[in-house]
1. Would you mention how many residues in the stretch 234-279 are assigned to a strand (DSSP E or B) and open to solvent by less than 10 Å² (accessible area, probe 1.4 Å)?
2. Checking Ile127 against (1) touching a Gly at 6+ places or on another chain (Cβ under 8 Å); (2) in contact (Cβ under 8 Å) with a residue 60 or more places away in the chain, only one condition comes out false. Which one?
3. On the basis of being open to solvent by less than 70 Å² (accessible area, probe 1.4 Å), free of Cβ contacts under 8 Å to residues at least 12 places away in the same chain and either more than 23 Å from Leu166 (Cβ to Cβ) or within 16 Å of the ligand (Cβ to nearest atom) (or both), does Ser81 make the cut?
4. Please pick out the residue among Ala94, Ala72, Ala67 that is within 16 Å of the ligand (Cβ to nearest atom) and in the same structural domain as Thr28 (by TED's automatic domain parsing).
5. Looking at the stretch 165-178 only, could you name the residues that are more than 17 Å from Ile260 (Cβ to Cβ) and either within 16 Å of the ligand (Cβ to nearest atom) or not aromatic (Phe, Trp, Tyr) (or both)?
6. In the stretch 47-57, what count of residues is obtained for those that are surrounded by fewer than 19 Cβ atoms within 10 Å (Cβ to Cβ) and either assigned to a helix (DSSP H, G or I) or within 16 Å of the ligand (Cβ to nearest atom) (or both)?
Amino acid sequence: MQLKEKDLLGIQSLDPAEINLILDTAATMKRVLASSSKKTAHMQGKSIITLFYENSTRTRLSFEMAAKYMGAATANVASSSSSVNKGETLLDTARTIDQMGTDILILRHPQSGAPHLIAPHIQASVINAGDGMNEHPTQALLDLFTIREKKQNLRGLKVAIVGDLLHSRVARSNLWGLCKMGATVRMAAPPTLIPSGLQGLQVQLCTSIQDAVRDADVVMGLRIQLERMQQALFPSINEYAHFFALDEKAMALARPDAIIMHPGPCNHGVEMPTIVYDSDRSVIQEQVTNGVAVRMALMFLLTSRRNAAL
Ligand code: CP
């Protein structure tokens, strides 16, 4: 089995069999990463470029490490020091990178739809590393992988997602992914941080975190994205934390074996206190580790598809 599309632009376009293929391949990659030599030849002779118009620690670095572990050549284009600053368009930048024989272009961009714009115009596979408030598909894949590893199966799980739903591409990608894989999703946020489009989707919107978290198998906190807010959407950080922080009292309502997740970076004391972030229930550090294995799997599968198409 292969991935159907040349690119990974969102979870919305993947079917459950493709998601399982990526997660199963990631399990193999994780075993490789645990061995004494992390090196494989899965991407020998291939090249990847990361093009990030927004800050990143986890996503950019894990793509780069994943590619290096598989023998690919890697380079990063920092938009701040590129010809983007001379006014070059995104499409011209992508075409320039494509002409250098790049196999995979990994793009993070503040505008929703930016990877969808360039993908049809270049030969390289495009991976969406986060586009505006739209999707962050590789984060959702590593989240699905982490949940499946901890709970064996995604079907039938109750997942609570709490925080800045309005600006969260992580929440959107996870919602698509979790629903496709048979989980039930509950979400909670202040009313001003709930996007209008959610009402029509397969999600139970809750007015309090208590309602969202009660009996949940998985609890996911989301970062408050102050940098995307043009105006104050809640009275103060303290009041937000008072009503929506995933503290020990809130977590006591979840199932005793519930896990707590966060895509990072986390505002400690706002989305959750450090004592919860570092608790035995927390799989936040494992999410980071799994990000490398999942991105190895995805790039390997996209490369295999490209090889088969030649
Ligand atoms: N989760 C996530 O996308 O983190 P970075 O912004 O550090 O890449």
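1. Initial filter on the stretch 234-279 (assigned to a strand (DSSP E or B)): 259-261, 268, 272.
When the remaining residues are screened for being open to solvent by less than 10 Å² (accessible area, probe 1.4 Å), the result is 260-261, 272.
Residues meeting the conditions: 3.
2. Condition not satisfied by Ile127: (1).
3. So Ser81 does not fit the description; no.
4. Ala67
5. Start the filter on the stretch 165-178 by keeping residues that are more than 17 Å from Ile260 (Cβ to Cβ), which leaves 165-167, 169, 172-173, 175-177.
Those that are more than 17 Å from Ile260 (Cβ to Cβ) and either within 16 Å of the ligand (Cβ to nearest atom) or not aromatic (Phe, Trp, Tyr) (or both): Leu165, Leu166, His167, Arg169, Arg172, Ser173, Leu175, Gly177.
6. Initial filter on the stretch 47-57 (surrounded by fewer than 19 Cβ atoms within 10 Å (Cβ to Cβ)): 47, 54-57.
When the remaining residues are screened for being either assigned to a helix (DSSP H, G or I) or within 16 Å of the ligand (Cβ to nearest atom) (or both), the result is 54-57.
Residues flagged as surrounded by fewer than 19 Cβ atoms within 10 Å (Cβ to Cβ) and either assigned to a helix (DSSP H, G or I) or within 16 Å of the ligand (Cβ to nearest atom) (or both) within the stretch 47-57 amount to 4.
For every residue, the table says whether it meets (1) more than 24 Å from Leu142 (Cα to Cα); (2) within 16 Å of the ligand (Cβ to nearest atom).
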{"residue": "Glu227", "(1), (2)": "yes, yes"}
{"residue": "Pro235", "(1), (2)": "yes, no"}
{"residue": "Ala241", "(1), (2)": "yes, no"}
{"residue": "Phe244", "(1), (2)": "yes, no"}
{"residue": "Glu248", "(1), (2)": "yes, no"}
{"residue": "Asp257", "(1), (2)": "no, no"}
{"residue": "Ile260", "(1), (2)": "no, yes"}
{"residue": "Pro265", "(1), (2)": "no, yes"}
{"residue": "Met272", "(1), (2)": "no, yes"}
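For (1) within 14 Å of the ligand (Cβ to nearest atom); (2) not assigned by TED's automatic domain parsing to the domain that holds Leu301, each residue gets a yes or a no:
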| site | (1), (2) |
| --- | --- |
| Ser112 | no, no |
| Pro115 | no, no |
| Pro120 | no, no |
| Gln123 | no, no |
| Val126 | no, no |
| Asp131 | yes, no |
| Leu141 | yes, yes |
| Ile147 | no, yes |
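The values are calculated or read from the model by the stated rules, or taken from the named source; none is laboratory data. In this text the structure is predicted, and so the values were computed from the model without any measurement. Neighbour counts run over all protein chains shown; Cβ positions are idealised from the backbone, glycine included. Ligands, DNA and RNA are stripped out before the accessible areas are found, and what is left, the full protein with its side chains, is counted by its heavy atoms. Shrake-Rupley method; radii C 1.70, N 1.55, O 1.52, S 1.80 Å.
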